[in-house]
Structure formats: structure tokens, C-alpha cells
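Taking it in order: structure first as C-alpha cells, then the write-up.
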Amino acid sequence: MNTALVVIDVQDSFRLQPSWADISLPDIVTRTQHLIEAARARGELVAWVLHHSPGTGSPFDPDGGLCVLQPGLEASEGDIQVTKTSHNAFTTTNLDQQLRRRGITRLRICGIRTEQCVETTTRLASDTGYDVELVADACATHPLPFADGTGVLSADQVTQRTLAALAGRFATITTIDQVVQG
């Protein structure tokens with residue numbers, strides 16, 4: 001086993017906000033479950049990453065009780081579980097040390113916000129020497145307003161831009177079916 005599935009921020013902090021109505025993949029839990037089942041069937045490691053913003057009073061403040069896995073997802077014994085306070089899953093956690101200690105060299109990444117925590121983690125993982133696969137149809141996001149306020153990128157546009165930026169540079173772009181069948 002040298003592969004780990006890294007599940008980023010599939011937590012209630014997102015699901016219980018009004019913006020969830022605009023999420024690109026409301027069935028992210030079901031999609032993530034398929035990847036987890038495939039990983040576990042192959043004896044691969046699963047790493048869970050949750051985002052916390054302590055003291056903010058936001059949905060990501062752990063005192064609010066929303067910084068938990070979405071219903072239908074559950075960590076198992078032997079999984080890695082880390083809590084981050086930065087956008088990527090490495091800078092404020094010991095994820096890298098835990099993965100390397102287990103001999104992990106390849107990461108399959110999925111989760112919530114494609115262009116934010118997922119992309120940032122993918123870039124850093126690649127830069128630190130991991131072989132990275134981004135599971136495109138298991139990454140969700142929201143529409144994003146233009147910086148100047150003149151328009152909005154649809155969630156699909158955000159996703160396509162992110163995949164184009166990462167493909168062949170920082171990650172191999174793959175799908176749930178490719179991972180499950182592979």
C-alpha cells in the first residue's frame with residue numbers, strides 16, 4: 001500500500017450553510033463513499049481532513065459543532081484524521097509525517113472547494129514529491145464572484161479552470177469510475 005485517499009473538508013460546516021443550495025455536487029458524500037470503498041477494498045489508507053477556524057464564530061469554528069464529517073461518512077480505525085487551520089492539508093497539520101511514516105507516495109485527493117483547499121493541497125503535495133491524482137468528479141465547489149464584482153464564475157467554470165491549471169503540472173486528473181475500476 002503506497003496510496004492514500006485524502007478527503008478534504010466534506011464537513012457540515014459547508015452543508016448547513018445557505019450557500020449549499022449552489023454547491024456543484026450535492027451528492028458529494030455518495031461520491032466520496034465510492035472512493036472510500038474502493039480504497040479500503042484495495043487496502044489503501046484513507047486520510048480525513050477537516051477545517052477549523054477557532055474563535056471566529058463562523059461555521060468553521062469548532063465551538064459551533066459543525067466541524068464534523070457530513071452524515072454518511074465515517075472514519076475507521078487505522079485512518080488518518082487531521083484538523084487544519086490553513087487552506088492546504090499540510091501546513092498546519094502533521095499529515096505529511098503520518099503519510100511518509102506509512103510509506104505513502106501517491107495521493108488521491110477529493111473534497112470541498114475544488115479551487116481552494118483541494119487545489120492548494122494538490123499543489124503542495126506535488127511540490128513535496130507526492131504523485132497526485134485529483135478525482136475531478138468527487139470535488140465540489142460554489143460559484144465565485146469576480147474580484148471586481150462585475151460577474152460570477154459558475155461552479156462548472158471554477159472547476160474547469162482548476163482542472164486545467166492542475167492537469168499535467170501538479171496532478172493527474174481522474175474520475176471516480178477510473179479509480180474504482182483501476
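The values are calculated or read from the model by the stated rules, or taken from the named source; none is laboratory data. Being a predicted model, the structure only gives us computed values, none of them experimental. Note that we place each Cβ from the backbone using ideal geometry, even for glycine, and neighbour counts take in every protein chain shown. Calculation scope for accessible area: heavy atoms of the full protein, side chains included, ligands and nucleic acids excluded. Shrake-Rupley method; radii C 1.70, N 1.55, O 1.52, S 1.80 Å.
Remarks
- The separation of region 59-119 from region 14-55, counted between C-alpha centres, amounts to 10 Å.
- For the chain, with all protein chains in place and a probe radius of 1.4 Å, 50% of the accessible heavy-atom surface sits on carbon or sulfur.
- Dipole magnitude of the chain about its Cα centre (Cβ charges: Lys, Arg +1; Asp, Glu -1), debye to nearest 20: 500 debye
- Value of Rg to Rh for region 1-181, rounded to two decimals, is 0.94; Kirkwood radius and Rg both from alpha-carbon coordinates.
- Taking every protein chain into account, the accessible area of region 1-138 amounts to 42 square angstrom per residue (probe 1.4 Å).
- In this structure, the amide hydrogen of Gly111, modeled 1.01 Å from its nitrogen in the peptide plane, lies closer than 5 angstrom to those of Ile8, Cys139, Ala140, counting only residues at least 5 positions away or on a different chain.
- Per-peptide packing, taken as the mean over residues of other Cβ atoms within 10 Å, places 54-61, 144-151, 84-91, 114-121 in the sequence 114-121, 84-91, 54-61, 144-151 from highest down.
- Ellipsoid semi-axes for region 133-182, based on the Cα gyration tensor and the rule √(5λ), read 26, 12, 6 Å when sorted largest first.
- Between Thr150 and Gln181, the distance separating the two model label sites (each 7 Å from Cα on the Cα→Cβ line) works out to 4.3 nm.
- For the peptides 155-167, 4-16, 66-78, residues were scored by their other Cβ atoms within 10 Å and the scores averaged per peptide; the highest-first order is 4-16, 155-167, 66-78.
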